[in-house]
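Rule-based calculations on the coordinates, nothing more; no lab input. In this text the structure is predicted, and so the values were computed from the model without any measurement. Don't worry about glycine lacking a Cβ; one is built from the backbone with ideal geometry, like all the others, and counts go over all protein chains shown.
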Amino acid sequence: MSLGHVYEREGNVYHPTEWAGSPWSTRHQHGGAVNALFATAALEAAAERELRVARLTVDLFRAVPHAPLALGWRFVHRGRRIARIEATLSEPTSQQVVSVASALLLKDEAQLERSWDQTPPPPLPRSSAEPMKFMSGTRADFPPGFHWSFEVALGQDEHGAGAWITTPLDWLPGQPMSPWQRSAAVADLTFGLSGRSLSQARGFADDAWRVPLINVDTTLYWEREPVGTWFGFRHPLVTAERGTGLAEIDLADCEGRLGRAIQALLANPAPKAT
């Protein structure tokens, strides 16, 4: 059963509900909601050209305001087999851009046989993952928003740490999220959930969190069309040195490996007391 919906739509303007909110401030939207918005633009463009979304990159140079925003996109390359779009979220009246993204669209050659037989290790079985509380505090500690909707399970097997995640939120009133939108939304947790998976598996030192980090983008590669509502994170990797780093995961769905998600990280230390 859905908890509620993330947006209400009026033309190309998306009005965020309480469920679009961020844990950091009532004035900002959650990165997962923003990722799903840009996935919506990529899907619209792909349908127009009869192509498939292969990559989505969302830049998060600043927080996205919790306010009505216009979703726009344009082709910067429009080929028969390859296309690329740039997408924007902007303030409807002033048209000031608040966030940008790009997407790569490729022709899906359904009649071609599999070219490579290389088989990566399978996703962590759902049966091996234990449900966990995603938010560490209570609803009195954090604002309402997207973060309260996540259902997460962590585990490990002979191939290493892994996780499964979903959100039961609808996209619009009475309209469920598509697998594309949902997989883009949960990919916002590439760093956060990778860190938790590694910590649980004791894959790095206890003081690995000594420098606070934030992700400033999300790049998601889909090898095929996603299916289902739960998405698996596998082979988490987090690196950071001199204030920058990367977080990476293999992404899966109920049919197996789906693609890869990568985030650039930036040190975000608390201000020094004066």
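On the Cα set of the chain, report Rg and Dmax in Å, please.
18.5, 65
Find out how many positive minus negative residues lie around Arg84, taking Lys and Arg as positive, Asp and Glu as negative, among other residues whose Cβ is under 11 Å from that of Arg84.
+3
If packing is taken as the average count of other Cβ atoms within 10 Å, what order do 238-246, 256-264, 151-159, 131-139 fall into, highest mean first?
Put in order of decreasing packing, that is 256-264, 151-159, 238-246, 131-139.
Evaluate 2.2 N^0.38 Å with N set to the residue count of region 10-138, then give the Cα radius of gyration divided by it.
Rg over 2.2 N^0.38 Å, computed on Cα atoms: 1.31.
How large is the helix-only mean residue ellipticity at 222 nm for the chain, computed as the sum of -39500 (n - 2.57) over DSSP H runs with n ≥ 4, divided by its residue count, in deg cm²/dmol to the nearest 500?
The helix contribution divided over the chain gives -4500 deg cm²/dmol.
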